[in-house]
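The numbers here are math on the coordinates, done by the rules we state, and not lab data. All values reported here derive from a predicted model rather than from experimental measurement. A quick note on method: Cβ atoms are made from the backbone with ideal geometry, for glycine too, and the neighbour counts reach across all protein chains shown.
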């Protein structure tokens, strides 16, 4: 059963120094043409894999809200035409503070969008400038005010910590400001330096003064404590929400369920096949023209790979991996098939076994990647 659809808009008015997502500068791009090809991909994909029980749609980027109002209206109509958009669904748009007018927000609301995810990253203007963000703290307040005015009652903010020259005190200040806004959901990620980014080049030249591993761990410790203190439940390593506002879309990934991936550079998981679309716009559009689909790679996931994925994706969740769900999916006993890595990480105090679930301990959350790695190649 396909639960979710991810739709990728690769256009940005500004490229951030840390971003390695598939994106291009908006200026002089064939945006209208791209949106038309993306609608063709939706149509062809749904003919091949019909959507019967879709629960979430997530439009990400790039910057989806960099589209002008006419383009935004076309995109919203495309989604409505091909996906069964219902009021009870979770329908999210990623947004940049500062580039969302009240008119665009009302357009989104009328198009069925009921959740916004703002890429705030920090409330320190100097840091925002340093990481290549185009918005400033004041833009966040204004955008959120407009979003509430337009009727949005489910808003998430993304934050990044362990930024260049960032201190623990600065991160505490950012969290304090974030909580004052009383959002429904927060995501907070440590900075990862990816190849082909401005930060990667600076790091290789020795010009990127990052916090130490100890400082990064302290920031995560502060994050866990402050979220709990302010009434936000952690439900995944980097995600926190008021009760009932957990991201259903992201849970699709962590529950290892099927989803559509629409757009240049998007990834999907359909009928046991992981699909990666071409990233460059011309290649994406040419492939649809030639073969009806923009696929760059298709990989049929083996049973062993599915079981490994179930572990390293599921262990990201606070509730962990359910032994009974694992058996229902694979007709295998989780505790038997992964006996060695489970025993090893229980002994280290990184995992705990509680009735039906295997989950990370608090200590394990700090060393998550080490735990996940233990399940790869373990069968």
Task: Computed Kirkwood radius, in angstrom, where 1/r is averaged over Cα pairs of the range 31-83 - done: 11.9 Å
Task: Gain in span if fully extended, residue 149 to residue 204, counting 0.36 nm per residue against the direct Cα distance - done: 15.3 nm
Open item on the list: Given axes a ≥ b ≥ c from the Cα gyration tensor, I'd like to know whether the range 161-299 is rounded (a/c under 1.5), prolate (a/b larger than b/c) or oblate.
Closed with: oblate
Open item on the list: Run the helix sum for the chain: -39,500 (n - 2.57) per DSSP H stretch of 4+ residues, divided by residue count, reported at 222 nm to the nearest 500 deg cm²/dmol.
Closed with: -12500 deg cm²/dmol
Open item on the list: Please list, short to long, the whole-number percent of alpha-carbon pairs of the range 307-379 in consecutive 5 angstrom bins beginning at zero.
Closed with: 3, 19, 34, 29, 13, 3, 0
Open item on the list: One quarter of the convex hull surface, Cα atoms only: what value does that give for the range 325-366 in nm²?
Closed with: 3.1 nm²
Open item on the list: As an exercise, find the ratio Rg/Rh for the range 136-190 from alpha-carbon atoms, using the Kirkwood inverse-distance average for Rh.
Closed with: 1.00
Task: Dmax and Rg, reported as Rg then Dmax, of the range 85-161 (C-alpha, Å) - done: 12.9, 42
- [ ] Specify the residue with the greatest mean-square fluctuation among 316, 274, 115, computed from a Gaussian network of the chain linking alpha-carbon atoms under 10 Å apart.
- [x] 274
Task: Inter-centroid distance (Cα atoms) of the range 63-131 relative to the range 329-379, Å - done: 37 Å
Task: Binned Cα-Cα distances of the range 112-206, short to long, each 10 Å bin given as a whole percent - done: 14, 46, 28, 10, 1
TODO: Compute from the Cα atoms of the range 210-365 the Rg and the Dmax, the latter being the longest Cα-Cα distance, and quote both in angstrom.
DONE: 19.0, 55
TODO: Would you please give the FRET efficiency between residue 52 and residue 376, computed as 1/(1 + (r/R0)^6) with r the Cβ-Cβ distance and R0 = 35 Å, to the nearest 0.05?
DONE: 0.60
Open item on the list: Need one number: % antiparallel among DSSP beta bridges in the chain, to the nearest 5.
Closed with: 40 percent
Task: Length-normalised contact order for the range 2-253 - Cα pairs under 8 Å, 6+ apart - percent - done: 19 percent
- [ ] Give the Rg (one decimal place) followed by the Dmax (whole number) of the range 1-158, computed from C-alpha coordinates and expressed in Å.
- [x] 15.7, 49
TODO: Over 23 Å, how big is the tail of the calculated P(r) for the range 238-330, in percent of all Cα pairs?
DONE: 38 percent
Task: For the chain, convex hull of alpha carbons as volume per residue, Å³ - done: 145 Å³
